[in-house]
């Protein structure tokens with residue numbers, strides 16, 4: 001699986017967009033980008049995933065660069081409840097299983 | 001849908017004792033994963049099952065650790081004998097087969113070995 005690089009921590013003002021970057025310069029053509037987050041004292045929570053097109057769901061948007069070497073997770077209107085550690089993971093998605101390897105993630109602090 | 005259910009939520013035991021952690025996956029999910037989280041090492045995959053069969057246990061740290069899945073609705077992770085360095089939060093997750101199917105995690109068991 002391709003290695004990812006994320007900033008250790010970020011701050012965001014409540015109500016503003018939170019843009020979380022992730023570098024994955026060694027990504028392969030069949031590897032997906034996944035985002036999970038972990039709120040304190042809870043298990044990780046799936047947010048979104050994509051291959052090469054931008055994706056949007058009720059939680060967030062995922063923007064993947066054309067060369068696929070980096071991506072950005074966007075929380076359009078961050079709230080205090082979005083304070084969490086955000087993990088960017090790159091992995092081949094196949095029917096053999098979706099086991100994920102978590103890195104250090106980005107600790108997002110949403111401030112009032 | 002109750003989600004992935006883990007028990008107990010907290011476990012405190014003495015070194016040398018046997019510890020059993022339990023997990024009930026989401027009904028219909030055919031993959032089950034056990035992860036361990038510590039401050040030093042982050043989230044580590046220990047073992048995963050497909051249709052109740054262990055597929056990859058290369059993350060299991062030592063022979064003191066064992067995991068079973070006797071049926072589709074129940075799995076255990078056992079540590080015998082336990083040691084202080086086993087203190088961590090243990091997460092269970094389940095997923096469906098399918099491209100990109102997300103993992104659904106339980107809220108974990110916080111294990112403290114004194």
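With the cut-off at 33 Å, report for the protein assembly as shown the share of all Cα pairs above it, as a whole percent.
Details: 4504 of 25425 pairs.
Considering the protein assembly as shown, 18 percent of its Cα-Cα pairs are separated by more than 33 Å.
Relative contact order for segment A:1-91: 38 percent, from Cα pairs under 8 Å spaced at least 6 residues apart, divided by residue count. Model label points for residue B:78 and residue B:2, set 7 angstrom from Cα along the Cα-to-Cβ axis, are 2.3 nm apart.
With 0.36 nm allotted per residue and the present C-alpha distance subtracted, the residue B:10-residue B:87 stretch has 26.6 nm of extension available.
For the peptide B:30-43, the mean number of other protein chain Cβ atoms found within 10 angstrom of a residue's Cβ is 3. Fewest-first ordering of B:40, A:109 by other beta carbons within 10 Å of each residue's beta carbon gives B:40, A:109. Neighbour counting of Cβ atoms within 10 Å sorts the residues B:44, A:66, fewest neighbours leading, into A:66, B:44. Spin-label model, residue B:114 to residue A:41: label points 7 Å out along the Cα-to-beta-carbon direction sit 2.1 nm apart. Got a sec? Which residues in segment A:39-65 would a label at residue A:80 touch, if it sits 7 Å along Cα→Cβ and we count backbone N under 20 Å? Correct set: A:39-42. Pair-distance distribution of segment A:43-112: all C-alpha pairs, bin width 5 Å, starting at 0; shares per bin in whole percent are 3, 14, 23, 25, 21, 10, 3, 1, 0.
The alpha carbons of segment B:1-84 occupy a box of 36, 25, 25 Å along the principal axes, longest dimension given first. Model label sites at residue B:50 and residue A:5, defined 7 Å from Cα along the beta-carbon direction, differ in position by 3.4 nm.
Between the alpha-carbon centers of segment B:1-66 and segment B:76-114, tell me the distance in whole angstrom. Value for the Cα centre distance between the two parts: 3 Å.
Just so you know, all these numbers are worked out from the coordinates, no wet-lab data involved. Only a predicted model underlies this, so the values are computations on that prediction, with no experimental measurement involved. Please note: Cβ atoms are built from the backbone with ideal geometry, for glycine as well, and neighbour counts cover all protein chains shown.
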